[in-house]
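Let me begin by presenting the structure, written as C-alpha cells, before commenting on it.
The values are calculated or read from the model by the stated rules, or taken from the named source; none is laboratory data. Quantities reported herein were computed from a predicted structural model and do not represent experimental measurements. Here the Cβ is made from the backbone with ideal geometry for all residues, glycine too, and neighbour counts use every protein chain on show.
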Amino acid sequence: MFRIEWSQIVAISNGKCKSCLHRVSVSSLSPRLSLAFFLCPKGDRELKAPQCLVEKDGRKEYPDFTWGEFLRFTQENHRADENTLQEFTKWLLSSKYQNA
C-alpha cells in the first residue's frame with residue numbers, strides 16, 4: 001500500500017479534497033499499466049486556497065506556501081505519509097517564525 005501524495009491539492013482546496021491510501025492488486029494473469037502524474041510548479045510558485053473558499057468556510061485551513069518550501073520539506077525532513085500536510089504545516093509555521 002502507498003499514499004497518493006495530494007497534500008498540495010488538499011491545501012489549495014482548503015481541505016475539500018482529501019488524500020487517501022492507495023492499494024494496488026496485481027495479477028499474474030494480466031499485465032498492469034500504471035501512469036505517473038507529477039505536478040511540479042516553479043519553486044517560487046505560491047500555493048494557496050482561493051479566497052472564495054476561505055470566505056465560504058469561514059477560515060483558512062492551511063497556510064500559503066511555495067512549491068519550493070513543500071519540496072524541500074518532503075525531500076529533507078519527512079517521507080510522504082498520511083501526516084505529510086499536518087507535519088509540513090507545523091514545520092512551515094515554525095520555520096517562518098524562526099526567520100521573522
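Name the residue that is modelled with the highest pLDDT, counting only residues in region 61-100 that are of a type in the set (Lys, Arg) and over 23 Å from Cys20 (Cβ atoms).
First, pick out the residues of region 61-100 that are of a type in the set (Lys, Arg): 72, 79, 90, 96.
If we keep only those that are over 23 Å from Cys20 (Cβ atoms) too, we end up with 72, 96.
Details: Arg72: 89, Lys96: 73.
For region 61-100, the residue satisfying everything is Arg72.
Hey, can you tell me all the residues within region 8-41 that are in contact with a helix residue (DSSP H, G or I) (Cβ under 9 Å, 6 or more places away or on another chain), modelled with pLDDT under 85 and either basic (Lys, Arg) or part of a loop (DSSP other than H, G, I, E, B) (or both)? Let's see the steps before the verdict.
Initial filter on region 8-41 (in contact with a helix residue (DSSP H, G or I) (Cβ under 9 Å, 6 or more places away or on another chain)): 8, 10-19, 39-41.
Retained after the next criterion (residues that are modelled with pLDDT under 85): 8, 18-19, 39-41.
Within region 8-41, Lys18, Ser19, Leu39, Cys40, Pro41 qualify.
Pick from Leu92, Leu53, Leu71: which is in contact with a Gly (Cβ under 8 Å, 6 or more places away or on another chain) and either loosely packed, with under 12 Cβ neighbours inside 10 Å or not small (Gly, Ala, Ser) (or both)?
Numbers: Leu92 fails: in contact with a Gly (Cβ under 8 Å, 6 or more places away or on another chain); Leu53 fails: in contact with a Gly (Cβ under 8 Å, 6 or more places away or on another chain).
After ruling out the rest, the residue left standing is Leu71.
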